[in-house]
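What follows is a short report on a single structure.
The values are calculated or read from the model by the stated rules, or taken from the named source; none is laboratory data. Just so you know, these numbers come straight off a predicted model, no measurement behind them. Heads up, the Cβs are rebuilt from the backbone with ideal geometry, glycines too, and the neighbour counts pull from every protein chain shown. The protein model used for the area step is the full one, side chains on, heavy atoms only, and it has no ligands, DNA or RNA in it. Shrake-Rupley method; radii C 1.70, N 1.55, O 1.52, S 1.80 Å.
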Amino acid sequence: MVPARRLAEQTRSLFQFCFARGNAAFARWVLDGDTAHLDVADQATTWLEPRDSGLVRSFNHGWLVHGWLAVGRNDRARWHAARALQRMRRLDLLGAGMACRALALHAAAAGDCARAQQWMTRAEQVATRRDSAHEAASNRLAAARLALARSQPDEARTLAHAALDRFEALAMPWHAEQARAMLCWRMTRQ
């Protein structure tokens, strides 16, 4: 059993239990792509909905926007996006940037570059409000993907390198690998 989940069970904290359950399920989905894990994360996040705790629930909502959009469940993604943005207005910013980036990439994939830029502007506002180097680096990587979608390979490469440099400086190897993979993919397409 995951240590955080064990601790949550011992303290009888519904928030800690749901947060740990949601985090573990999302990580499993990232690793194996089984949408059953997204269902578990969604359920754990939804359990907290009636309890207006003020804690960092936006984190799970942000992940679920990304996850549900990736598997084509736009209805669930929109529901979680609305919750992440509501939480942002209450200064729970942890998941807002992630939700905005996911919505930007989704809009770009649908050919709506103007909407994609609006979502990226919101993601930048979140990074600034949080004064977060991680958010800024994540925004650079998302912007690189958007530049590639707009057929701007030089801008994409510059942004991906900037993201890679920041992730390496932050000692975030998984994130750095995402930027590196984009650069490698980009180089094989030239």
Next item on the list: Note down all Cβ pairs under 8 Å where the first residue falls in segment 79-96 and is in contact (Cβ under 8 Å) with a residue 12 or more places away in the chain, the second is among the acidic types (Asp, Glu) and open to solvent by 10 Å² or more (accessible area, probe 1.4 Å), and they're at least six residues apart or on different chains.
Entry: HIS80/ASP42; ARG83/GLU49
Next item on the list: Would you check if ALA70 is at pLDDT 95 or above and open to solvent by less than 50 Å² (accessible area, probe 1.4 Å)?
Entry: no
Notebook entry, point to check: Among the listed residues ARG89, ARG115, which satisfies the condition of being open to solvent by 60 Å² or more (accessible area, probe 1.4 Å), farther than 14 Å from LEU146 by Cα and not β-branched (Val, Ile, Thr)?
Noted result: ARG89
Note to self: Condition first: open to solvent by 40 Å² or more (accessible area, probe 1.4 Å), assigned to a helix (DSSP H, G or I) and modelled with pLDDT of 90 or more. Now tell me which residues in segment 1-36 satisfy that.
What the structure shows: ALA27, ARG28, VAL30, LEU31, ASP32, THR35, ALA36
Notebook entry, point to check: Which residue out of LEU94, LEU64, LEU105 is over 18 Å from ARG145 (Cβ atoms) and open to solvent by 10 Å² or more (accessible area, probe 1.4 Å)?
Noted result: LEU94
Next item on the list: Search segment 143-182 for residues being in a helix (DSSP H, G or I) and basic (Lys, Arg), and hand back the single one that is farthest from TRP119 (Cα to Cα).
Entry: ARG180
